[in-house]
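Data block below; observations after.
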Amino acid sequence: MLDPDTTRQDDLRSGRGPWLAGPARPASEELEADIQCDVAIVGGGITGAMVAEHLTAFGHKVVVIDREREGFGSTAASTAMLQWEIDLPLRRLAELYGFDRAADLYRRSFRAVAGLGELVARLELGAAFVSRDTVYLAAGEVGPRELRDEHALRERAGLPGALLDHATLLGAFGFDRAAALVSPRSAEADPLSLCHALLARATGRGARLIRDEAVAFESSSQAAAVKLAGGRTVEAGHVVLATGYVMPACVTSDLHRTASSWAIATLPQPPAALWPGPALIWEASEDYIYCRTTTDGRIVLGGEDEATEDPELREQLGPQKTKALLGKLKALLPQAEATLGHAWSGAFGQTSDGLPLIGRVPGQARMLAAYGYGGNGITFSFLASRMLASLIGGVEAPWFQHFAIDRRDPTKP
């Protein structure tokens, strides 16, 4: 696990993604005295921003604490493919938890993307948020039969989508694969702009952004507190931990691990080089790639994941991973121009069941947390913001246990 005492934003990502030239950031401040609030959020990335926006909309007095620039850690490394399909196919999730529970989880992820889209539209956040279809390509050991079975389960769960054979897929999207599942109502965004737009909304309602490092936490049945490196203390009714892939010692899970992923963005492509849609593309294989386009016509492609959290090793592997991704881009899209505009990498959290860790921190009455998003980062960030706000308000639904931080690992006997 990444050490929270030593890991900085530069350890969470390397290189430069296409999002880093975003709009001006909301201004943060340094504390000159101890303060009190309803909720102290530790972490100013996309999850912390969503939680802050949602809680301030309900009138909570919120403080967001980050030791570095808000949004410039893991959020800036996101490819922001906001899919409702979970890392584990519905078939595999049903094997672990039964069909009814797995279908419920998929439907909640589906509604999370829809809810985020409604929020962006209602608040007029922009952030290059655009609704997209997803194209789930046959690859590796997953062929037409396996996709047909997955499609049948999704239909049974009431989820939208269509199964395309080779000829239909080639004609509709230009991909020379045996089959694909095409699903509507996912989305893409500029993650850094979205993060800053949400923080701006929150600060406009009175939230404070504090530039300091959380070094200790206290929690009782009545209140909680965050002690800062600068010597000040933030007392709060609740503390929310939203520190990305750096988990403090008080949060543990047998399901969670940290890995690394690499991504590239081309220079703007001629229209003929892009697939129709444009949809979000990902492969149905363990060693998969995923890609999308941007509003200025770039192709963003990622993958080449490695089970390492070592930032030095991740940076050393950068050149060969970039070369491999350019090769995979050319194999997937022969008509594309394999020009390199940006190359970057980042840490990301995974769980063995493909589901996030969201809820109360075991043993800490007034502390809540959200971690382990896998490939559904921003989708699960939105879901977390709604769940955590509900828990802070004293309302807990039975399905919250599906994401409990201390849940049992279903892949182990």
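In terms of the mean number of neighbouring beta-carbon atoms within 10 Å, the peptides 26-32, 326-332 order highest first as 326-332, 26-32.
At 1.4 Å probe size, put 156, 292, 107, 360 in order of accessible surface, largest to smallest. Don't jump to the answer; show the numbers that get you there.
Details: 156 155, 292 5, 107 75, 360 105 Å².
Accessible-area ranking of 156, 292, 107, 360, largest first: 156, 360, 107, 292.
Coupling constants for the range 359-374 follow from the phi torsions by the Karplus curve (6.51 cos²θ - 1.76 cosθ + 1.60, θ = phi - 60°), and in residue order they are x, 6, 6, x, x, 10, 4, 10, 10, 10, 8, 9, 8, x, 7, x Hz; glycine and proline get x.
Restricted to Cα atoms, the range 44-164 shows a radius of gyration and a Dmax of 17.7, 53 angstrom. Dipole magnitude for the chain: about 820 debye, using +1 per Lys or Arg Cβ and -1 per Asp or Glu Cβ, origin at the Cα centre.
Can you give me the relative contact order of the chain as a percent, contacts being Cα pairs under 8 Å and 6 or more apart? Numbers along the way, then the final one.
Working: 919 pairs, mean separation 103.0, N = 413.
Value for the chain: 25 percent.
Quick check on the chain: of the DSSP beta bridges with both residues there, what percent are antiparallel, nearest 5%? Walk me through the numbers on the way to the answer.
Values: 52 of 76 bridges.
Rounded to the nearest five, the antiparallel share is 70 percent.
Expressed in Å, the radius of gyration and Dmax of the Cα atoms of the chain are 20.7, 67. For the range 75-129, the set of GluC sites (Glu not before Pro) satisfying both a DSSP loop assignment and a count of at most 14 other C-beta atoms within 10 Å is given as 124.
Per the helix-only calculation at 222 nm, which mean residue ellipticity applies to the chain, given -39500 (n - 2.57) for every DSSP H run of n ≥ 4 and division by its residues, nearest 500 deg cm²/dmol?
Numbers: 11 runs with 125 residues, N = 413.
Taken over the chain, the calculation gives -9500 deg cm²/dmol.
Among 170, 209, 241, the largest mean-square fluctuation in a Gaussian network model of the chain, built with springs joining Cα atoms closer than 10 Å, belongs to 170.
Straight-line cross-link reach from residue 330 at under 26 Å between alpha-carbon atoms covers these lysines, not counting any fewer than eight positions away in the same chain: 321.
3J(HN,Hα) along the range 300-316, derived from phi through the Karplus expression 6.51 cos²θ - 1.76 cosθ + 1.60 where θ = phi - 60°, amounts to 9, 9, x, x, 6, 4, 9, 7, 9, 10, 6, x, 5, 5, 4, 6, 4 Hz, with x in place of Gly and Pro. Over the range 249-342, one equal point on each Cα, no solvent: what is log10 I(q)/I(0) by the Debye formula at q = 0.25 Å⁻¹? Log-scaled intensity ratios, in q order: -1.31. In a shell of Cβ-Cβ distance under 10 Å around residue 92, excluding residue 92 itself, what net charge do Lys and Arg (+1) and Asp and Glu (-1) give? Neighbourhood net charge equals -3.
Under 1.5 on a/c is rounded, so check that first for the range 99-173, then, if it is not, pick prolate when a/b is larger than b/c and oblate when it is not; a ≥ b ≥ c are the square roots of the alpha carbon gyration tensor eigenvalues. Show your work: numbers first, answer last.
Values: a/c = 3.01, a/b = 1.46, b/c = 2.06.
Taking the square roots of the gyration eigenvalues as a ≥ b ≥ c, the range 99-173 is oblate.
Does the range 356-413 come out rounded, prolate or oblate, given a ≥ b ≥ c as the square roots of the eigenvalues of its C-alpha gyration tensor, rounded meaning a/c under 1.5 and, failing that, prolate meaning a/b above b/c? Here the range 356-413 falls in the oblate category.
Inter-part distance, the range 49-71 to the range 323-344, computed on C-alpha centroids, equals 37 Å.
The values are calculated or read from the model by the stated rules, or taken from the named source; none is laboratory data. Please read these numbers as outputs of a predicted model, since none were measured by experiment. Backbone-built Cβ (ideal geometry, glycine too); neighbour counts: all protein chains shown. Ligands, DNA and RNA are stripped out before the accessible areas are found, and what is left, the full protein with its side chains, is counted by its heavy atoms. Shrake-Rupley method; radii C 1.70, N 1.55, O 1.52, S 1.80 Å.
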